[in-house]
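This report refers to the structure that appears directly beneath it.
The values are calculated or read from the model by the stated rules, or taken from the named source; none is laboratory data. As the structure is a computational prediction, the values presented were derived from the model and not from experiment. Don't worry about glycine lacking a Cβ; one is built from the backbone with ideal geometry, like all the others, and counts go over all protein chains shown.
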């Protein structure tokens, strides 16, 4: 099943993509609050929205945590003159920085760099789990175009992963 995000009345929605049309499902926040339910609904939902008539939007809710792993393969690290880090180099992407096809990319400098990435959508709440459990918690995969303003990126170290820990409930 393929899912798509779109904007409607100031909210982000998720729909199921079926033969070029969209079956509306739920707001992005509702969709991700009960993935198994919305997967079942998507199977029988009727596609009534033409994808060309909608404003595409990232299929994530505002405030979702998007964690990225940098220097994740040797050749890429070598291209940037970096050693392979002993632990993954992680950084966050705020949802307001995500764009879809046709959106204007805000430019902080003349030359932006881009990388085609694989996005892994995690569908379960996971913490300190083994590899098998982590893989079982994957909801799906998506293409992701990571755009970087390298001059600004290199003004400081990337501290995102160490500064955004969940507080105790």
Please go through (1) in contact (Cβ under 8 Å) with a residue 40 or more places away in the chain; (2) touching a strand residue (DSSP E or B) at 6+ places or on another chain (Cβ under 7 Å) for residue 149 and return the number of the only condition it doesn't satisfy.
(2)
Among the residues that make up region 10-26, is at least one of them more than 17 Å from residue 99 (Cβ to Cβ), at pLDDT 95 or above, out of contact with any helix residue (DSSP H, G or I) (no Cβ under 9 Å at 6 or more places or on another chain) and not assigned by TED's automatic domain parsing to the domain that holds residue 95?
yes
Show the residue pairs that are 6+ apart or on different chains and have beta-carbon atoms under 6 Å apart, the first residue being within region 71-86 and farther than 22 Å from residue 149 by Cβ, the second being surrounded by 10 or more Cβ atoms within 10 Å (Cβ to Cβ).
84/77
Within region 57-73, of all residues that are at pLDDT 85 or above and over 18 Å from residue 32 (Cβ atoms), the one surrounded by the most Cβ atoms within 10 Å (Cβ to Cβ) is 68
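Residue by residue, here is whether (1) surrounded by 13 or more Cβ atoms within 10 Å (Cβ to Cβ); (2) assigned by TED's automatic domain parsing to the domain that holds residue 80; (3) out of contact with any strand residue (DSSP E or B) (no Cβ under 6 Å at 6 or more places or on another chain); (4) modelled with pLDDT of 95 or more holds:
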| site | (1), (2), (3), (4) |
| --- | --- |
| 104 | no, yes, yes, no |
| 107 | no, yes, yes, no |
| 111 | no, yes, yes, no |
| 114 | no, yes, no, no |
| 117 | yes, yes, no, no |
| 121 | yes, yes, no, no |
| 125 | no, yes, yes, no |
| 132 | no, yes, yes, yes |
| 135 | no, yes, yes, yes |
